[in-house]
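Read through the structure below, which is laid out as structure tokens, and then see the notes.
Quick note: the coordinates plus some simple rules give every number you see, no bench work behind them. Nothing here was measured: the structure is a model prediction, and the numbers come from that model. Here the Cβ positions follow ideal geometry from the backbone for every residue, glycine too, while neighbour counts run over all protein chains shown.
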Amino acid sequence: MDEGARLAEQDVRELIVVGGGPAGYTAALYAARADLEPLVVEGFQWGGQLMITSDVENYPGYPDGVMGPEMMSDFRRQAERFGAEFVTDDVTRVDFSGPVHRVWVGDEELRARAVVVATGASARWLGIESEERHKGRGVSACATCDAAFFRGRDVYVVGGGDSAFEEALFLTKFASRVHIVHRRDEFRASRIMVDRAEANDKLDFVLNAVVEEILGEERVEGLRLRSTVTGETWEVPADGLFVAIGHDPNTSLFAGQLEMDAAGYLVTKPGTTETNVPGVFAAGDVQDHTYRQAITAAGSGCMAALDAERYLASLEGHPGTALTAPRPEAAEV
């Protein structure tokens, strides 16, 4: 090997993690403990959706609950303790066409034998100024995460698809009253979901209407609604607003390189985090449009690190690490 090739080889890392949320930080933790010295390109908005979540009460290990940003700081610090490195910037492009994968941050090129993609998904929001002010103060995009905070309260759900109906029906277990606001008088939701909602005496519909403004100072106190038919506006008291108009996976960066489903989520091989490109793995909400929870994201981040380590160990001349174990007999805790 000539000197130039040798130096180039030295610049190739074992693992790059793209994304800094529960999946990315967990992947980094496991990889760092396996001496893979991962580099985490965590993004300017590191921490994912939990950075706009005030109280997290359903993550194991926090019996008194925890603030979302505090929990993400804990995740990050634990990965850093074992040697993970961080770049607080956004990936601008990637090239997964060769045996060595290339990732750019601005004009800087980073290279690695394996990559974990953990860029997450973003909830679609209404896009009004008062919504931004009330996020974490009565406005949420996750009933599973926050419904318990609205026990005995009067809440509204915006949306007309199955996800909105699932959110609304889940909320009826806690809230005293749930109202579904939809801009049309027909729903995209399946008939069975609509039937379940209509049969629930704690749930009603506000049709041909949109939320124009969220009212309240410290917390949500009401909504201003507008008719999509007449333009008339009116105000209603409300303790909370759940926005359920869909999520968008953060995958535009990988278009044309990684296989995606019709909704843009990365496709992984069943039972693994492997994508269609050898050495590239996907974890967390970027490949999960079903559960979308911090704990499932963290779990798949662990899986991605284990899958990446096994892939690296399989490469010719690679020594492997302490995590290497045959599938599927070994169990690691």
In the chain, which longest range has no chymotrypsin sites (Phe, Trp or Tyr not before Pro) that are both DSSP loop (not H, G, I, E or B) and surrounded by at most 15 other Cβ atoms within 10 Å? 126-290
Given H placed 1.01 Å from N in the peptide plane, which residues other than close sequence neighbours of residue 13 have an amide H under 5 Å from its amide H? 111, 112, 113
Cβ under 9 Å from residue 101's Cβ, residue 101 left aside: what net charge do those residues give with Lys, Arg +1 and Asp, Glu -1? +2
All alpha-carbon distances of the range 125-243, grouped into 5 Å bins from 0, give the whole-percent distribution 2, 13, 24, 25, 21, 11, 3, 0
Tilt of helix 22-33 relative to the longest C-alpha principal axis of the chain, in degrees (0 to 90, nearest 10)? 20
Roughly how many debye, to the nearest 20, is the charge dipole of the chain about its Cα centre, given +1 on each Lys and Arg Cβ, -1 on each Asp and Glu Cβ, and no other charges? 640
In whole Hz, with x marking every Gly and Pro, tabulate ³J(HN,Hα) for the range 64-72 from phi via Karplus 6.51 cos²θ - 1.76 cosθ + 1.60, θ = phi - 60°. 9, x, 7, 6, x, x, 5, 5, 5
In whole Hz, what ³J(HN,Hα) sequence does the range 161-171 give by Karplus (6.51, -1.76, 1.60; θ = phi - 60°), x for Gly and Pro? x, 4, 4, 5, 5, 4, 4, 4, 5, 5, 5
Calculated Rg and Dmax of the chain using C-alpha coordinates, Å: 22.3, 76
What list do you get for 300, 176 if you sort them by fewest beta carbons within 10 Å? 176, 300
Residue-wise, which Karplus ³J(HN,Hα) couplings in Hz belong to the range 265-274, taking 6.51 cos²θ - 1.76 cosθ + 1.60, θ = phi - 60°, and x for glycine or proline? 7, 5, 9, 10, 5, x, x, 9, 10, 6
Proxy reagent accessibility, fewest Cβ within 10 Å first, across 180, 295, 245: 295, 245, 180
If you take the square roots of the eigenvalues of the alpha-carbon gyration tensor of the range 191-291 and sort them as a ≥ b ≥ c, do you get rounded (a/c under 1.5), prolate (a/b over b/c) or oblate? prolate
Return, in residue-number order, each cysteine of the chain whose C-beta is not under 4.7 Å from any other cysteine's C-beta. 302
Using the alpha-carbon atoms, what tilt in degrees (0 to 90, nearest 10) does helix 294-314 show relative to the longest principal axis of the chain? 20
Okay, helix-only estimate at 222 nm for the chain: each DSSP H run of n ≥ 4 adds -39500 (n - 2.57), divide by all residues, round to 500 deg cm²/dmol; what do you get? -7500 deg cm²/dmol
Restricting to the range 125-243, compute how many DSSP beta bridges are antiparallel as a %, nearest 5. 40
Quick one: of the DSSP bridges fully inside the chain, what percent are antiparallel, nearest 5? 45
About the Cα centre of the range 125-243, how large is the charge dipole given +1 on each Lys and Arg Cβ and -1 on each Asp and Glu Cβ? Please answer in debye to the nearest 20. 280
Exposed GluC sites (Glu not before Pro) being those in a DSSP loop with at most 16 other Cβ atoms within 10 Å, the longest stretch of the chain free of them is 58-185
